[in-house]
Every structure is written in C-alpha cells, then in structure tokens.
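The values are calculated or read from the model by the stated rules, or taken from the named source; none is laboratory data. Values in this document were obtained by computation on a predicted structure and should not be read as measured data. Please note: Cβ atoms are built from the backbone with ideal geometry, for glycine as well, and neighbour counts cover all protein chains shown.
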Amino acid sequence: MTINAVSSSGVMFREKPPALQFLDLRLQYEEIRDEIMQAVTQVLETQRFVLGPEVEQLEAEIADYVGCRHAVACASGTDALILALLALGICRGDEVITTPFTFVATASAIIRAGATPVFADIEPNTYNLDPTLLRQLITPRTRAILPVHLFGLAAEMEPIMKLASEHGVSVIEDAAQAIGAAYRGKSTGTIGSMGCFSFFPSKNLGGAGDGGMITTNDDGYADRLRLLRVHGSRSKYRYEILGMNSRLDALQAAILRVKLRHLNDWTEQRRCNAVRYAGLFAHVEAGNHVALPLEPQGMRHVYNQFTIRCPERDGLREHLQREGVPTEIYYPHPLHLQPAFAYLRYKEGSLPHAELAARQVVSLPVYPELTEDEQRMIVDAIAGFYGHRAGRTREA
C-alpha cells in the first residue's frame, strides 16, 4: 500500500508507509524491560548460571501452568524431543510416526535417537497429522506417535491416543508452538506420555536464546529426563546411563519466568487479532480467495502463526512485499521431500496434502502488539491483489 504525501516544496509524491515487522519483539521487551533487567541482575548477583533455583522455579511454574506433575527444563525444543524419545527407550530399529509438515527438528530428533521416522499425511484444513491414516502405518517396530500441534492448534488427539493405546505405543506431543493451547479441556503437553515445548524467541513464550521444556505426569519419565539432561549423572563423576548436556541456563529461566506472568494476556491478544482478521476478511473480496485458520470446536488455538492458504500464494506474497507487508512461509518444502530424508525413499505425490499445503500457505503478522490499523492495512493489501487480479481477468 502506498499513500499520497506532499514534500516541503509542495510536490505530491507517493510514499510507502513505515516498515511493518513480521514479528517485532522490541515492542514486547519495552513493556517489561524493568522486570527483565531486575530478574537478570538477580541472577548475575548470585553467579549461579546453570540449572539451580531459577530453573527449578520455572519448572514448577510451567507444570502448574499446563496442569501436570512434572516439567523438566532443557537447552532447546529440539533437545526436548530427543530427551523425550530417549526417556522412552527409543533406539535403533524402532519407528516413530510423525508429520512431514513441520520444522525439521520433529523428524531429526527421531533419527538422533536412532529410530526411523515414518511420515503420515496431514489434514488439509488444520495442517495437523491425520489420525485416520495412522493405523495402516503401524508395524511391530512402531514405538511411538509424534503429533505436532502446528501453528498453535492442537492435533486431533483423542483418536491418536485411542490407537496408541490399542497398539501399546507411546505418544509424544510436539507442542513447540502451542503453549497454552488446549484440546477438549486438556492443555497441550499433558495428553500424551510427554509434551515438548520450545522457548525459541519467536515462540509465544520466548526466551533470549534457546530453551526447552518436557512435561509429563509420569514420575519415572521425569526422573529419567533429569538424568539424561546432565550426562546421565546424579552425582559428580558417576554416570548411570549415557546422557547428554542439555541444561537450561538460569538467565533464560529468569527471563522466561517474567514473561510467563504475561503469557495469558499476550495469548488473548493474539486470539483477538485472529478474530479481527476474520472480521476484516469477511468484508473484502479477498475473503473468497483465502482460507483462514480454523479453530475446531473443543480446541483453543493460540496462534503462534496466523497461516492463510491460497492457490496464488507466491504471486500474493510478491505483491505484499511490494506493499510493505512482511510474510513468512512455514514450511515451503515438506520433510519427506528434503534431501536429508532422501534415504527414506519417499516420492513426490506420496503425501499429497502436505505437498499442496507447502505450496499454498503463507503466514501473516499476528503478534500481540499488532494494531488494528496495521491489520487493516494487511487485509487491504491482500484485497488489492485480488482486485487487480479480477480486473485483469475482466479485461482479458
């Protein structure tokens, strides 16, 4: 979108509006700067930087927030997935069913644990794992199902849990994008054997770097997770099992504890922004051309991303870039067609819904501080694209 402006000499010219950010973390930081600095200073004064009381308090607060018995902090969301798989005893020769339409860590964690990822296609409307396709993929080597709560919307967990119970396999939830989301009254991360969260800065609850958390109601899993994250050791220089170094820094925990106090408010603002988008799209022609995110009955979407879908995705994105509207594509290439997974021998067309979504989805800004005027500008720019396109069609 461009606007008319007048120079000091009185000459009319076209001027682009101020640059809009896809995610502007500075606005969030400005609101809580004093709280953050106080928390960081307190850690610096203790000189205790790895695990310790700050991490223990964050673990207790996250467990209370999602409603489970245990939360075990680690160094990243990727490590959370690896640790959860290792805690289950997943190893070479095992298979784990998951989605190809996700960040690479979901599948790479399975491989790092020594197992083989088995990809199932997605539901075309929610982009989450399609539970109706899982039964045909279960074999004697299947040890777990790893659904992803993509973009902040819970996967359809009831049939997944039922199937897993029938076959004696575990369920690990990849809830990296979905802290605070819910499925039929249950928080994501509390439905399966374990739930894995990421505190990467762009997440709804993001740190000042990497960080992760595993949630569980199982005392045994919690104990094993705490052992695995510190080289398999309970006491200095004594190692019960082979673990890894995946400890959360106290500085990150202190920052996350501050942000956790604001998370509900930020989440509600994201949800309000999503409702406002729906209202704005309902009043423009573009609403007939794009598919908006769904929030099925019984679910609570937390909109880590606001992802729309349209057949003209690439042309629309180029238009929006010219108009000063930033967008992102999650994810342009499904995992089963990535070079790193070529050894699994999937072919183009084998998972058609994931492949089509990868060609058609684009995410719009939805962060809590986004203003109504900015959302209106975004929707107007999208409407402009379809208006110009309709005009060209009529002229032809």
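Summed over region 62-81, residues that are buried (at least 21 other Cβ atoms within 10 Å of the Cβ) and in a helix (DSSP H, G or I) total 8.
Return a yes/no flag: does region 20-35 have any residue that is in contact (Cβ under 8 Å) with a residue 12 or more places away in the chain, aliphatic (A, V, I, L, M), farther than 19 Å from LEU263 by Cβ and outside the structural domain of ARG345 (by TED's automatic domain parsing). Yes.
Just a yes or no: is a residue in region 247-262 of a type in the set (Asp, Glu) and farther than 24 Å from CYS74 by Cβ? Give the steps one after another, and end with the answer.
As a first pass, look at region 247-262 and keep what is of a type in the set (Asp, Glu): 249.
Okay, now just the ones that are also farther than 24 Å from CYS74 by Cβ, so none.
No.
In the set ASP130, ASP121, only one residue is farther than 12 Å from LEU335 by Cα and charged (D, E, K, R); that residue is ASP130. Between a first residue in region 115-141 that is in the same structural domain as GLN177 (by TED's automatic domain parsing) and a second residue that is hydroxyl-bearing (Ser, Thr, Tyr), which pairs have beta carbons less than 6 Å apart while being 6 or more apart in sequence or on different chains? Pairs found: PRO117/THR98; ILE122/THR99; LEU129/THR99.
Can you tell me which of ARG48, ARG92, ARG112 is more than 23 Å from ARG141 (Cα to Cα) and assigned by TED's automatic domain parsing to the domain that holds ASP223? Reasoning before the result, please.
On the way: ARG92 fails: more than 23 Å from ARG141 (Cα to Cα); ARG112 fails: more than 23 Å from ARG141 (Cα to Cα).
Of the residues listed, the single one that is more than 23 Å from ARG141 (Cα to Cα) and assigned by TED's automatic domain parsing to the domain that holds ASP223 is ARG48.
Among the residues in region 371-393, are any buried (at least 16 other Cβ atoms within 10 Å of the Cβ), modelled with pLDDT of 95 or more and in a loop (DSSP other than H, G, I, E, B)? Taking every residue of region 371-393 in turn, none turns out to be buried (at least 16 other Cβ atoms within 10 Å of the Cβ), modelled with pLDDT of 95 or more and in a loop (DSSP other than H, G, I, E, B). For region 103-118, the candidate set comprises residues that are closer than 14 Å to VAL148 by Cβ and out of contact with any Asp or Glu (no Cβ under 7 Å at 6 or more places or on another chain); within that set, the residue that is surrounded by the fewest Cβ atoms within 10 Å (Cβ to Cβ) is VAL104.
Of everything in region 235-268, what is within 19 Å of LEU86 (Cα to Cα) and part of a loop (DSSP other than H, G, I, E, B)? Give them in sequence order. Steps first, answer last, please.
Initial filter on region 235-268 (within 19 Å of LEU86 (Cα to Cα)): 239-248.
Residues satisfying the conditions are GLU240, ILE241, LEU242, GLY243, MET244, SER246, ARG247, LEU248.
Taking the numbered list (1) crowded, with 16+ Cβ neighbours inside 10 Å; (2) among the aliphatic types (A, V, I, L, M); (3) within 28 Å of ARG184 (Cβ to Cβ) in turn, ALA278 passes all entries but (1). For ILE172, the conditions (1) surrounded by fewer than 22 Cβ atoms within 10 Å (Cβ to Cβ); (2) out of contact with any Cys (no Cβ under 6 Å at 6 or more places or on another chain) are fulfilled apart from (1).
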